Amino acid sequence: MLVSHESPIDILDRSKVYNDYDYALVHLFETHPEYYNFFKRSLAEGREVLLDNSIFELGKSFDPKAYAKYIEELKPTFFIVPDVLEDSYATMSSYHKFTLNYPDLPGYRIGVVQGKTYAEIVDCYNYMSEHADYIAISFDYSWYDVVALGSYKLERFCNGRPYLIKRLIDDGIWNYNKPHHLLGCSLAREFGYYKRDNIPGIRSCDTSNPIVAALKGKRYMAGFGLKSKPATLLADLIDHEVNEDEMEDILYNTKEFKIIYLVVSLYIASHPSPGSFSRK
């Protein structure tokens, strides 16, 4: 699994040490030309760049016309087609409209699965499975909070996505021929389950979790991560000037994150399969 941790502009060049590819938030292109230029250089160096429509930061997808223009200019390796939070039908409609209006944009199209119920999620998944180059699954569907086990919300989100993926596999819905991207995370230990259970088809993920935690003075516990998640968005820290102590914590957290998804820790090994992380 390839991993990218969004980082402040101050350390974008140094982020290549811990990032397997580079993850861009399109809305920051408008206010930070140096941010845009970093990704342009990365592509020229042969690195992969994934361009996000910034829905998590803005609450809705970036303006489609302006987004298409940035895709044409940047020519990212991948781009996330505009979606609508937790609305399966509107997301499928948005995907259809955007790809119809802009059929020749450079880069692989990533379709995000959305929905409020399992049936809606499955409908959207099947649509993206047929039409998109890559399928993206988010960390924070409200459905997880309803069906997944956990003593608090972040833990239910942590258990919810592995449970969803396992259920898609068990129900014969998972597309083994399409690469999948995991959007964000609640708790880092989630990623250990995919390694332990040999879940196929997960190519990449993105999360600023270890970066924001470090900038808030929090270090990961070995093989586990954190029990909580800082509420601050990385986009709100994009101008933060990182000092050496913070950089040391960033390098530590990103190393521990990598260990979590590459090595099955004692904690992960001793916990049940995601398939049992359900109240139903």
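The values are calculated or read from the model by the stated rules, or taken from the named source; none is laboratory data. Computed from a prediction, not measured in an experiment: that's the story for all the values here. As a convention, Cβ positions derive from the backbone with ideal geometry for all residues, glycine included, and neighbour counts pool all protein chains shown.
Here is how the numbers come out for the structure above:
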| quantity | calculated |
| --- | --- |
| Every pair of residues 6+ apart whose Cβ atoms lie under 6 Å, when the first sits in segment 210-229 and is in contact (Cβ under 8 Å) with a residue 12 or more places away in the chain and closer than 14 Å to residue 190 by Cβ while the second is among the aliphatic types (A, V, I, L, M) and in a loop (DSSP other than H, G, I, E, B) | 225/187; 225/188 |
| Residue 102 being under 28 Å from residue 72 (Cβ atoms), among the aromatic types (Phe, Trp, Tyr) and either at pLDDT below 95 or surrounded by fewer than 20 Cβ atoms within 10 Å (Cβ to Cβ) (or both) | yes |
| Which numbered condition residue 74 fails, given (1) within 30 Å of residue 30 (Cβ to Cβ); (2) out of contact with any helix residue (DSSP H, G or I) (no Cβ under 7 Å at 6 or more places or on another chain) | (2) |
| Elements of type helices (runs of 4 or more DSSP H) in segment 173-266, at least 2 residues being over 24 Å from residue 22 (Cβ atoms) | 190-196 |
| Residue 126 being under 30 Å from residue 106 (Cα atoms) and part of a helix (DSSP H, G or I) | yes |
| Residue that is farthest from residue 78 (Cα to Cα), among those in segment 119-136 that are hydrophobic (A, V, I, L, M, F, W, C) and in contact with a strand residue (DSSP E or B) (Cβ under 6 Å, 6 or more places away or on another chain) | 128 |
| Segment 165-200: number of residues that are closer than 21 Å to residue 109 by Cα and within 15 Å of the chain's Cα centre (by Cα) | 7 |
| Qualifying residue in segment 84-98 (condition: free of Cβ contacts under 8 Å to residues at least 60 places away in the same chain, outside any helix (DSSP H, G or I) and touching a Phe, Trp or Tyr at 6+ places or on another chain (Cβ under 8 Å)) | yes |
| Test: residue 121 is under 18 Å from residue 85 (Cα atoms) and in a strand (DSSP E or B) | no |
| Scan of segment 53-73 for residues that are among the small types (Gly, Ala, Ser) and more than 16 Å from the chain's Cα centre (by Cα), ordered by number | 66, 68 |
| From 196, 219, residue being modelled with pLDDT under 95 and out of contact with any Lys or Arg (no Cβ under 6 Å at 6 or more places or on another chain) | 196 |
